[in-house]
1. Using amide H atoms built in the peptide plane, which far-off residues or other-chain residues are under 5 Å from L113 H to H?
2. At a temperature of 25 °C and a viscosity of 0.890 mPa s, determine how fast segment 103-173 diffuses translationally according to Stokes-Einstein, using the Kirkwood radius over alpha-carbon pairs as Rh; express D in µm²/s, rounded to the nearest whole number.
3. Return a whole-number percent for the relative contact order of the chain, with Cα pairs under 8 Å and 6 or more residues apart as the contact set.
4. What does segment 50-97 give for Rg and for Dmax, in Å, if only its C-alpha atoms count?
5. Stretched out fully, how many nm does the piece from V141 to E160 gain, at 0.36 nm a residue minus the Cα gap?
6. Given the -39500 (n - 2.57) contribution per DSSP H run of 4+ residues, what per-residue ellipticity at 222 nm results for the chain, rounded to the nearest 500 deg cm²/dmol?
7. Just to verify a number: FRET efficiency for K109 and E26, C-beta to C-beta distance, R0 = 41 Å, to 0.05?
8. Can you give the Rg to Rh ratio of the chain, both from alpha-carbon atoms, with Rh computed by the Kirkwood formula?
Amino acid sequence: MTADEFVKALIDCAPSSQELQELGFEGVFLERWRNSYLPQLRNPSSPNANPVFDLVQRYDASIIEFTSVYFSETIDEFHHGLGFGWEEADPLVVSRETGEIIVEELGTKGFILWHCAKDASSFLDALAYFACATRLGIGKVQHESDAIASECGKRAGGEEYTEFFHYLVFMPE
């Protein structure tokens, strides 16, 4: 999945303000939740070949936040490669050796907490599915959590990535 396809997928499944109000969302929280699905193009330059770097460089990706996953405003160097976002306080990194998306534990010499996806395109595909499946809140789909995590794992590149998405599905909102 490209950055443009990821953004289109988010826009297509964005919850309406009315849907969120009916669930009890209001004010800043409602806008923040809704805006996570509506990143704006900020730099129409040529796309980067790596979809997650392209997303961060051309879109206002820093507004995208799903449970504990959010994107950075910049690309930064970490032990295993270049970071483009965060899972809680730990960097999401494209491994320079494999191209795999991993979560490095911050403050260590590259300890890998999670293996998230086989590559950037697969990560965006899995995250788009996750975002759309949980668009009205994880509490609304808790009974489907195993199926959601399994589908995310498939999209991310295989069963070895399901654990990361299973963790996200069980994150408190």
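1. Sorted by chain and number, the residues that satisfy this are V103, E104, E105.
2. Details: Rh = 12.3 Å.
The diffusion coefficient I find is 199 µm²/s.
3. Values: 319 pairs, mean separation 29.4, N = 173.
The normalised contact order for the chain reaches 17 percent.
4. Cα radius of gyration and Dmax of segment 50-97 are 10.0, 29 Å respectively.
5. Values: separation 19, 0.36 × 19 = 6.84 nm, distance 2.25 nm.
Full extension from V141 to E160 adds 4.6 nm.
6. Numbers: 7 runs with 68 residues, N = 173.
One gets -11500 deg cm²/dmol as the mean residue ellipticity at 222 nm.
7. Details: r = 44 Å, r/R0 = 1.08.
That pair, K109 with E26, gives E of 0.40.
8. On the way: Rg = 15.3 Å, Rh = 16.1 Å.
Using only Cα positions, Rg/Rh for the chain is 0.95.
Taken together, the values in this text are just the output of simple stated rules run on the coordinates, not laboratory data. None of the values given here were measured: they were computed from a predicted structure. Backbone-built Cβ (ideal geometry, glycine too); neighbour counts: all protein chains shown.
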